[in-house]
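What follows draws every value from the coordinates through simple rules; no lab data is involved. As the structure is a prediction and not an experimental result, all values here were calculated from the model. No Cβ is skipped: glycine too gets one built from the backbone with ideal geometry, and neighbour counts run over all protein chains shown.
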Amino acid sequence: MSDFHNQVAEVVTRSVPGCSELIAVERLSGGASQETYRLKVRMAGSEVLLAMRRAPGGEYLEPLPAHPGLAVEALLMQSAKQKGVPEPEVYHVLTREDGLGDGFIMEWIEGEALGARITRDPKFEAVRPKLAFECGKILAQIHAIDLDATGLRPKLGVLTPEVFLDQMLERYEAYQEPQPMIDYAGRWLRDHLPQTDRLTLVHNDFRAGNFMLQPDGIVAVLDWEVAHIGDPMRDLGWICTNSWRFGQDLPVGGFGDYQDLFDGYESESGIRVDPEHVKFWEVFGSFWWAIGCLGMAEHYRTGPDQSVERPAIGRRTSECQVDCVNLLIPGAVALLTPDGSESLDMPSQMELLTSVRDYLREDAMVNLTGRSQFLARVAGNSLDIVMREVALEGAHQRQELRRLQAYYKTKDSLKILRTRLSDELRNGHVRLDDQAVQAHLRATVVNQVAIDQPKYSGLRRAMQWIPQDL
């Protein structure tokens, strides 16, 4: 047996009550963020499964306000369980003496965590209509956890709405890549900051994909690694963000309605939910992830991780921006289409790109496995983006330039005018109710997401806009 197996065996048999033997240990995830292991052990004569989460490579990491660490994550799960939140039993928090790095050992719980399956799989058909209410109830339980009695208060960072917004704007501005719709959303958020003195524990990533579901309900809330103290409505807005609806139309996680979520929360907490307060955080969710996607592109440019996945995620910023369009400035918009002109090159750019894409999908993917197969699929999707862009021959950016030149009555370049609009939205020189600016942003973002991800639900929603007075 390996040294690692023996190390884990020594820890579990010493620290987990009733455990007499480690039968097997299996790594489940690549662990860019955390490593997850399935442990098969013998307890009271029976084979039982446990789970172990630990820092990548068995490191010991200093806790940070934004990432309090695995020991605090274990405490969060224990505290939540005591409040009635469905959680696995945490048996042991790893210590320096264990020699395995930061982490903890917990009960293994079976269930579905993939959001796309939660929203579509027929086996969850009976529970889906009740799921938004249950999510609201669980979030109210989380927000009621006593930060002082549990010892969590000094271990977690505090993020008020204003500080959270400032933090994200600072990150965005550091990229020096103007995206006027992000600036528009940022201005709107600044103008609509919720006035609240109620700061509680916030899970900060509660959504389908971060809880385990069985046909009769939620059995575990996972991934507490970005929890903080802040506005509890952040959690309600986040689960309503379109990115976490997995292509479905229902606003709460793709499986429920707003009112069911609010009713569940109010039934547990006795606190009325203000829909406009939740809308702030729903807009913030798309704004936050739009900036996060730009961060992936920045990571690709600056390294060290220059995988094919990062620039592909970078292009997803347009998905989040179209969600902001739908929430803040919905309206009529037209899509550009290729003019149908034929290339005289033989083979054409499009034929070259098509041949590489088809090779990746029909040859490379068939002969690859695991992450390499996944990355080949990502590479093929990136080529689809390039092919759609090539087909338009830059028409989307020419139209964007014409609109900005007409608005500013100048012949400046697109880069200069984009930057100018971003700056003026940010500093208030352009009004948010300027209809010419709203129409420009809609046209720019909608045509960009049509290139980046034409199947995205937010694009479909933008194109189905109907005037409210009809």
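Some notes on this structure:
- Label-point separation in nm, ARG120 to LEU368, each point 7 Å along Cα→Cβ: 2.2 nm
- Measuring nothing but how far apart in sequence close Cα pairs (under 8 Å, 6+ apart) lie, relative to its length, the range 3-107 scores a relative contact order of 23 percent.
- Amide H contacts of CYS19 (H built 1.01 Å from N, in plane; Pro and chain starts excluded): no residue 5 or more places away or on another chain comes under 5 Å.
- Mean projected area of the Cα convex hull of the range 3-107, taken over all directions, amounts to 7.0 nm².
- Between helix 275-302 and the chain there is an angle of about 90 degrees, using the helix long axis and the longest principal axis of the Cα atoms.
- Cα centroid separation, the range 74-110 to the range 35-60 (Å): 11 Å
- Pairwise Lys count, the chain - Cα closer than 27 Å, eight or more residues apart or different chains: 14
- Treating r as the C-beta distance of GLU59 and GLU298 and R0 as 22 Å, the FRET efficiency rounds to 0.35.
- Contact order relative to length of the chain, as percent, for alpha carbon pairs under 8 angstrom and 6 or more apart: 14 percent
- Karplus (6.51, -1.76, 1.60) ³J(HN,Hα), θ = phi - 60°, over the range 179-190, in Hz, Gly and Pro reported as x: 10, x, 5, 5, 5, 4, 4, x, 5, 4, 4, 4
- Short-range pairs are left out: with C-alpha atoms under 8 Å and at least six residues apart, the relative contact order of the range 293-337 is 35 percent.
- Global geometry of the range 250-344, whether rounded, prolate or oblate, following the gyration tensor of its Cα atoms and the 1.5 cut on a/c: oblate
- For the pair ASP166 and MET350, the difference between a 0.36 nm per residue extended length and the Cα-Cα distance amounts to 61.9 nm.
- For GLU89, residues with placed amide H under 5 Å, excluding near neighbours: GLU107
- The alpha-carbon atoms of the range 290-417, seen along their principal axes, cover 55, 40, 29 angstrom, with the largest extent given first.
- The range 115-294 shape via C-alpha gyration tensor axes, a/c threshold 1.5: oblate
- From phi via Karplus (6.51, -1.76, 1.60), per-residue ³J(HN,Hα) for the range 112-122 in Hz, x at Gly/Pro: 9, 10, 6, x, 5, 6, 4, 8, 10, 4, x
- Each residue of the range 204-217 is assigned a 3J(HN,Hα), and the resulting list reads 6, 8, 7, 5, 4, x, 10, 9, 9, 10, 10, x, 9, x Hz, derived from the Karplus form 6.51 cos²θ - 1.76 cosθ + 1.60 (θ = phi - 60°), x at Gly and Pro.
- Label point 7 Å beyond Cα of ASP434 along Cβ direction - residues of the range 167-182 with amide nitrogen under 15 Å: 179-182
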